[in-house]
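The values are calculated or read from the model by the stated rules, or taken from the named source; none is laboratory data. Owing to the predicted nature of the structure, the values given are computational and were not obtained by experimental measurement. Here the Cβ is made from the backbone with ideal geometry for all residues, glycine too, and neighbour counts use every protein chain on show.
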Amino acid sequence: MKTYKENDTVIYTNSEGKHFDTFVIFDTDLKTGLTHINHYNLKVTNAQLELHPRSLTGNPMPLADPLSFLLFNKLKEKYSHIDMKKQAKVLHAEIKDARLAKAS
């Protein structure tokens, strides 16, 4: 399985065959094999991604100015916060289920 790292510039191919230049927000998840990309905040398979030629030539960041870099960091922080909230809900539900099972 090919993995992509954070900030890699990639070419995403959607189900209709259209290509989009985007970048990786988080690394490829080794458990699921999905890569979290910036294009519509999608998590996509390896088959839908190709490393952008700019990444191969040593220019991996698609962000040419400081404002874009700040926006990227804000997006990443937002998605991290959303993921933490989801994990907290799952953990809370698991603890609640475990307490109910003990009470029975």
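Observations on the model:
- Counting only residues that are at pLDDT below 90 and either in contact with a helix residue (DSSP H, G or I) (Cβ under 9 Å, 6 or more places away or on another chain) or not aliphatic (A, V, I, L, M) (or both), the stretch 12-27 holds 7 of them.
- Selection of the stretch 28-46 for residues being surrounded by 14 or more Cβ atoms within 10 Å (Cβ to Cβ) and either assigned to a strand (DSSP E or B) or in contact with a helix residue (DSSP H, G or I) (Cβ under 9 Å, 6 or more places away or on another chain) (or both) yields Thr28, Gly33, Leu34, Thr35, His36, Ile37, Asn38, Leu42, Lys43, Val44.
- Glu6, sole failed condition from (1) at pLDDT 90 or above; (2) within 19 Å of Tyr79 (Cβ to Cβ); (3) of a type in the set (Asp, Glu): (1)
- Total residues in the stretch 1-49, condition touching a Gly at 6+ places or on another chain (Cβ under 7 Å) and aliphatic (A, V, I, L, M): 1
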